[in-house]
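Bear in mind these aren't lab numbers, they're just calculated from the coordinates by the rules spelled out. Computed from a prediction, not measured in an experiment: that's the story for all the values here. Here Cβ is always computed from backbone atoms with ideal geometry, including for glycine, and neighbour counts include all displayed protein chains.
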Amino acid sequence: MSVKILLEESEIPRQWYNLAADLPTPMQPPLGPDGKPISPEMLAPVFPMNIIEQEVSQERWINIPEEILEILYRWRPTPLRRAFFLEKALGTPARIYYKDESVSPPGSHKPNTAVAQAWYNKQFGIKRITTETGAGQWGSALSFACCLLGLECKVYMVRISFDQKPFRRLMMETWGGKCIPSPSTETNAGRAILEQDPDTPGSLGIAISEAVEDAVTDETKQTRYSLGSVLNHVMLHQTIIGLEAKKQLAKIGEKKVDIVIGCAGGGSNYAGLSFPFMADKIAGADITIIPTEPTSCPTMTRGPFAYDFGDTAGMTPLLPMYSLGHTFVPPPIHAGGLRYHGIAPLVSQSIIEGLATPRAVHQTECYEAAVLFARTEGVIPAPETSHAIAAAIQEANKAKEEGKEKVILFNFSGHGLMDLVGYEKFFAGRLQDYPLPEELLNKSLLALKDLPKPKVAKSGRW
Ligand SMILES: *Cc1c(COP(=O)(O)O)cnc(C)c1O
């Protein structure tokens, strides 16, 4: 039996899969400040039109431009690995596979969309891209992509991560990106927040506000903003993960996958792996699909489906998604990433349909899972990734109890070599579980009170 299942470059998928084409109930549109659906033209100051076209596309398959594939070949197709050693440690009859997205130069799945977005911006004549970053994974992925394509890159990094993770900033600088802590004094959004709360740890939402403001206020009109998750086109670009995994499972002779798992912050690595399998589920296959999240930032498991802003300052359109409220700042005690208040609209609608079953995991269980994984399989997982591993272990243990030979597939979204401080806290016994207290949740949800409400529409098939 093979430990790693590889594809030739010639076997790389040549089209992305668009779930929007197959969801039985249509997506509800993003809304503008007046509560009316926004038109593609309204997004034009923020994103280039070729990306906006992908954002609203209903085509099932979208060709991947050859020049993008030529860049992706530097690390793709990524290996599918059989977690033999983890299986053995668990004594499970389940066969566990993981798609190893940690092999990209920045160390995660994020360059799959960073390269595509930088390429489309360049095609459109854009010279400079702004963005936000949390743990620094997205900022490094976009700096890497912009470097390869000859674009300028400016990254607003959530302050707590900027202070705790200097190595990510140095990765960005090595690839020629410019990285500053957010909130910063360089934008109106940043200055307003600093005035209210000078010691704020920052949040992804605040950083998004700053990066969008920077892009739309550039008088040369040659700057656009780029988002590393949440939006439809990002989910689209990541589907290369699941499409490769399908070919790899076929190659090793696996006819059926029982359980597909991914950790979800904004939802892109989870969607990238799972959406091609969700297409099979829509066509009748029996697959359990599980997006996982921290109990301290329980967007999918405890948030309502609502219209909410993508950012704290309320500059983005209102998106129909599960949300904790756009002013949500996760507790600093939480070390595992996945801190975003919302989740991709496509992921949200598929949860409403019953096509996916979200699960929240406690942080100490995640770190235990990550350490077991490192001590059996070898690679040290990103704290985000550990939320997928913990759920995979739960499912493998369940298969053991039931005495069933299930096939479990999860996404290994990235390595944790830049996040060892979280491991240090775990080993020192300084990490506790922190399920979000009800009072804090309710307080945070007040931000949704006066916003329009989306319909909760589903086909009832699942
Ligand atoms: C950014 C990141 C995530 C979370 O983002 P998604 O868009 O939900 O995928 C998960 N894992 C790693 C390693 C990341 O860098």
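Remarks
- Charged side chains reduced to their Cβ positions (Lys and Arg at +1, Asp and Glu at -1) give segment 128-177 a dipole of some 60 debye around its Cα centre.
- 3J(HN,Hα) from dihedral phi, segment 30-40, Karplus parametrisation 6.51/-1.76/1.60, rounded to Hz, x for glycine, proline: x, 10, x, x, 8, x, 9, x, 7, 9, x
- Projecting the Cα atoms of ALA215, TYR434, GLN248 onto the charge dipole of the chain, computed from C-beta unit charges around the Cα centre, puts GLN248 farthest toward the positive end.
- Using a Förster distance of 30 Å, the FRET efficiency for ALA283-ALA44 (Cβ separation, nearest 0.05): 0.25
- Assuming charge only on the beta carbon of Lys and Arg (+1) and of Asp and Glu (-1), the dipole of segment 185-319 about its Cα centre is about 920 debye to the nearest 20.
- Fraction of beta bridges assigned by DSSP in segment 77-178 that are antiparallel (%, nearest 5): 30
- Restricting the calculation to alpha carbons of the chain gives Rg and Dmax of 20.4, 64 angstrom.
- Taking the DSSP beta bridges with both ends in the chain, the antiparallel portion is around 35 percent.
- Estimated at 0.36 nm per residue, the fully extended path between LYS247 and ARG60 surpasses their Cα-Cα distance by 65.5 nm.
- More than 28 angstrom apart: percent of Cα pairs within segment 1-146: 36
- Averaging the sequence gap over all C-alpha pairs within less than 8 Å and six or more residues apart, then dividing by the number of residues, gives segment 81-222 a relative contact order of 21 percent.
- Proximity of backbone amide H atoms, modeled 1.01 Å from N, is registered between ARG95 and LYS406, VAL407, ILE408 at under 5 Å, excluding neighbours fewer than 5 places apart on the same chain.
- Note on the chain: helix-only mean residue ellipticity at 222 nm, from DSSP H runs of 4+ residues weighted -39500 (n - 2.57) and normalised by residue number, equals -11500 deg cm²/dmol.
- 5 Å binning of all Cα-Cα separations within segment 4-87, expressed as whole percents from 0 upward: 3, 11, 15, 15, 15, 14, 11, 9, 5, 3, 1, 0
- Sparse packing (at most 15 other Cβ atoms within 10 Å of the Cβ) combined with a DSSP loop state is found for the following trypsin sites (Lys or Arg not before Pro) in segment 16-87: ARG60, ARG74.
- Cα Rg, Dmax, segment 71-211, angstrom units: 18.1, 57
- Equivalent-ellipsoid semi-axes of segment 368-441, from the Cα gyration tensor, Å, largest first: 24, 19, 12
- Each pair of Cα atoms in segment 281-370 enters the Kirkwood radius, and Stokes-Einstein at 4 °C and 1.567 mPa s then converts it into a translational diffusion coefficient of 92 µm²/s.
- Over the C-alpha atoms of segment 165-226, the Rg to Rh ratio, Rh being the Kirkwood estimate, stands at 1.00.
- Percentage of interatomic Cα-Cα distances in segment 195-285 larger than 20 Å: 54
- Calculated FRET value between GLU70 and GLU439, using beta carbons and R₀ = 51 Å, to 0.05: 0.45
- Peptide packing: for 294-300, 310-316, the average count of neighbouring Cβ atoms within 10 Å per residue gives the ranking 294-300, 310-316, highest mean first.
- The dipole here belongs to segment 348-418: it is taken about the Cα centre, uses +1 on the Cβ of Lys and Arg and -1 on the Cβ of Asp and Glu, and is about 80 debye.
- Ordering SER108, SER102, SER184 by the number of other Cβ atoms within 10 Å of each residue's own Cβ, fewest first, gives SER184, SER102, SER108.
- Extension gain, PHE427 to LYS449, is 3.8 nm, computed as 0.36 nm per intervening residue step minus the present C-alpha separation.
- Residue pairs exceeding 31 angstrom between C-alpha atoms, taken from LYS154/LYS455; LYS4/LYS398; LYS4/LYS178; LYS99/LYS425; LYS246/LYS398: LYS154/LYS455; LYS4/LYS178.
- Per the chain, cysteines lacking a partner by the 4.7 Å Cβ criterion: CYS147, CYS179, CYS263, CYS297, CYS366
- The tail of the calculated P(r) for segment 118-162 beyond 16 Å holds 34 percent of all Cα-Cα pairs.
- Mean shadow area of segment 7-49, taken as a quarter of the surface of its Cα convex hull (nm²): 5.5
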